[in-house]
Amino acid sequence: MSLAPVMDWQLLPFESLSTRQLHDLLQLRSAVFVVEQACVFQDIDGADPLALHLLGHRAGQLLAYARCFAPGLKCAEVSIGRVITVLEHRGTGLGHALMRQALESVAQRWGPQPVRIGAQARLKQFYVGHGFVDLNRPYIEDGLAHLEMLRPAAVIPNQSTERPA
């Protein structure tokens with residue numbers, strides 16, 4: 001049973017983000033990827049204008065976020081990145097809800113097709129639970145171990161194997 005809060009989801013192109021939405025998503029990314037993970041890197045990488053931004057709000061607060069790219073922009077396949085939830089809601093299932101919403105959103109937008117991600121190695125089992133396969137191409141990005149992972153187009157998530165994230 002999920003403890004994740006009921007969320008309001010929006011999938012928006014960069015040009016449709018309000019100033020407040022842009023501020024909030026950049027603040028969340030910085031809080032987690034830079035401060036919490038103690039990783040100095042260039043988060044504002046020039047790719048945001050090419051992405052669709054998945055925002056998960058509850059009561060006006062941004063709790064979850066992911067960046068989605070059409071095939072051919074970051075790699076040959078659809079790709080999802082900057083997958084993030086606020087610290088206070090980790091372990092409630094919100095991460096799984098975010099990933100399901102991201103996968104559903106990209107399938108609705110671009111049709112069923114493979115999805116490629118660069119996952120932090122410590123989150124391998126989380127992504128395996130959503131149908132991703134480790135391609136055995138580990139790499140270091142910004143000082144953190146990552147895995148190249150691919151979700152085949154026909155995969156249907158097995159929710160019985162998901163644990164709260």
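The values are calculated or read from the model by the stated rules, or taken from the named source; none is laboratory data. From a predicted model like this one, the values you see are computed outputs, not experimental measurements. Cβ placement follows ideal geometry from the backbone for every residue including glycine, while neighbour counts extend to all protein chains displayed.
Computed values, structure above
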quantity: Hits in the stretch 115-126 - residues which are touching a strand residue (DSSP E or B) at 6+ places or on another chain (Cβ under 8 Å) and either of a type outside the set (A, V, I, L, M, F, W, C) or in a strand (DSSP E or B) (or both); calculated: VAL115, ARG116, ILE117, GLY118, ALA119, GLN120, ARG122, LYS124
quantity: Test: residue in the stretch 127-144 that is among the small types (Gly, Ala, Ser) and assigned to a strand (DSSP E or B); calculated: no
quantity: Hits in the stretch 75-94 - residues which are surrounded by 18 or more Cβ atoms within 10 Å (Cβ to Cβ), of a type in the set (A, V, I, L, M, F, W, C) and under 11 Å from ALA64 (Cβ atoms); calculated: VAL83, ILE84, LEU94
quantity: Condition check for HIS57: in contact with a Lys or Arg (Cβ under 8 Å, 6 or more places away or on another chain) and closer than 21 Å to GLN101 by Cβ; calculated: no
quantity: Residue check, ARG100 touching a Gly at 6+ places or on another chain (Cβ under 9 Å) and either modelled with pLDDT of 95 or more or among the charged types (D, E, K, R) (or both); calculated: no
quantity: Number of positions in the stretch 102-135 that are in contact with a Pro (Cβ under 7 Å, 6 or more places away or on another chain) and within 12 Å of ILE80 (Cα to Cα); calculated: 1
quantity: Any hit, the stretch 69-92, residues being part of a helix (DSSP H, G or I), without any contact (Cβ under 8 Å) to a residue 60 or more places away in the chain and of a type outside the set (Ser, Thr, Tyr); calculated: yes
quantity: Test: ARG109 is loosely packed, with under 13 Cβ neighbours inside 10 Å, assigned to a helix (DSSP H, G or I) and at negative phi; calculated: yes
quantity: Count of residues meeting criterion [among the β-branched types (Val, Ile, Thr) and over 21 Å from SER79 (Cβ atoms)] in the stretch 17-57; calculated: 4
